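The block underneath contains the structure these notes are about, expressed in structure tokens.
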Amino acid sequence: ACGLAALAGFAPGVGVVGYTLGGGLGWLARSHGLAAASVTAADVVTADGVLRRVGPGSDPDLLWALRGGGGSFGIVTALEFRLYPITTVHAGALAWPAAEARRVLRAWRAWTAALPASVTSVARVLHLPPLPELPPALRGRSLVVVEAAMQEDAAEADRLLAGLRALAPEQDSFADVPVADLGALHLDPVDPTPTAGHGVLLADLPVEAVDAFADALTGPGGTALASAELRHLGGALAPERAEGGAVAALDAPYALF
């Protein structure tokens, strides 16, 4: 309502404080960094039972630890963080049948090599259950998907997306959307679900790794994974550009989740 955006995460059901204390990777990360780097102050009850206002001028070492170091240093009752003048982004997803995974993921890898920091994107293979709350075009299907949030106007976004669209996706949802609607882009459930996740940083992403990723998720042996994805890092996430606390940067060009 005030024309300002916070560095929220991919999923709308994730708690703000836990997400931010752990670093905080979201749709604006390549342009604005981790959410923890935007924390300016916190109210914390420390182990001695004292409520402290922690900021640059008071307990700066504790503020450093909280910015990415997790919740082990006290009970955080409030956070103060910078907001940014972003109201609208060009965002959406392109989707193909999962059988196209090798071709699409190779193209996405090449596409990310030249992207400006205004674009944060994810490439993923989805095996979706036949749940009634899913859109009919997704229900019970296996897909390879490229999602992106682009802080560009529609004309520039169309130019950047042209190479991927040349692969003839069967679904294309890119449009100008309010930044508050980005929580729906990743299709994360809003209700509790019996799932577990794991992530690692990737120092490199050669074509052979992309092919192995695609084959593991679409091969004849099948997989129990509902979703596996590659996230493009860099930009403001790079160590030479980052500022902040215990976790201020991600020293890798990609992440696997």
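The values are calculated or read from the model by the stated rules, or taken from the named source; none is laboratory data. None of the values given here were measured: they were computed from a predicted structure. Cβ placement follows ideal geometry from the backbone for every residue including glycine, while neighbour counts extend to all protein chains displayed. Heads up: the accessible areas ignore ligands, DNA and RNA and are worked out on the full protein's heavy atoms, side chains in. Shrake-Rupley method; radii C 1.70, N 1.55, O 1.52, S 1.80 Å.
Go through (1) assigned to a loop (DSSP other than H, G, I, E, B); (2) crowded, with 21+ Cβ neighbours inside 10 Å for GLY13 and report which single condition fails.
Here GLY13 meets the rest and fails (2).
Determine the pairs where a residue that is closer than 10 Å to ARG67 by Cα, located within the stretch 17-30, has a partner that is crowded, with 24+ Cβ neighbours inside 10 Å and charged (D, E, K, R) with Cβ atoms under 9 Å apart, the partner being 6 or more residues away or on another chain.
As it stands, the answer is THR20/ARG67; LEU21/ARG67; GLY23/ARG67, since those pairs meet every condition given.
Of the conditions (1) more than 19 Å from TYR84 (Cβ to Cβ); (2) touching a strand residue (DSSP E or B) at 6+ places or on another chain (Cβ under 8 Å); (3) open to solvent by less than 50 Å² (accessible area, probe 1.4 Å), ASP211 fails just one. Which one is it?
(2)
Tell me yes or no: at least one residue of the stretch 186-194 is modelled with pLDDT of 95 or more, farther than 20 Å from VAL89 by Cα and in a loop (DSSP other than H, G, I, E, B). Step through it out loud before you land on a result.
Of the stretch 186-194, the ones modelled with pLDDT of 95 or more are none.
No, the stretch 186-194 has no match at all.
Name the residue that is nearest to ARG53 (Cα to Cα), counting only residues in the stretch 73-82 that are open to solvent by less than 80 Å² (accessible area, probe 1.4 Å) and either β-branched (Val, Ile, Thr) or not in a strand (DSSP E or B) (or both). Please lay out each step first, then the result.
Here is the first cut: in the stretch 73-82, the ones open to solvent by less than 80 Å² (accessible area, probe 1.4 Å) are 74, 76, 78-79, 81.
Filter once more, so that each one left must be either β-branched (Val, Ile, Thr) or not in a strand (DSSP E or B) (or both): 74, 76.
On the way: GLY74: 12, VAL76: 10 Å.
The qualifying residue nearest to ARG53 (Cα to Cα) is VAL76.
Among residues belonging to the stretch 218-242 that are in a helix (DSSP H, G or I) and open to solvent by 10 Å² or more (accessible area, probe 1.4 Å), point out the one that is farthest from GLN151 (Cα to Cα). Working first, answer last.
Initially, the stretch 218-242 is screened for residues in a helix (DSSP H, G or I), giving 218, 235-237.
With the extra rule that they be open to solvent by 10 Å² or more (accessible area, probe 1.4 Å), the set shrinks to 218, 235-236.
Details: THR218: 32, GLY235: 13, ALA236: 14 Å.
Looking at the filtered set, the residue picked out is THR218.
Looking at (1) touching a Ser or Thr at 6+ places or on another chain (Cβ under 9 Å); (2) open to solvent by 10 Å² or more (accessible area, probe 1.4 Å), find the lone condition where ALA42 falls short.
(2)
Could you check the stretch 16-31 and list, in sequence order, the residues that are farther than 14 Å from SER121 by Cα and surrounded by 21 or more Cβ atoms within 10 Å (Cβ to Cβ)?
Within the stretch 16-31, THR20, LEU21, GLY23, GLY24 meet the criteria.
More than 17 Å from VAL104 (Cβ to Cβ) and loosely packed, with under 12 Cβ neighbours inside 10 Å: is that true of ASP191 in this structure?
Yes.
Scan the stretch 158-184 for residues that are under 12 Å from ALA148 (Cβ atoms), open to solvent by 30 Å² or more (accessible area, probe 1.4 Å) and in a loop (DSSP other than H, G, I, E, B) and jot them down.
Within the stretch 158-184, just SER173 meets the criteria.
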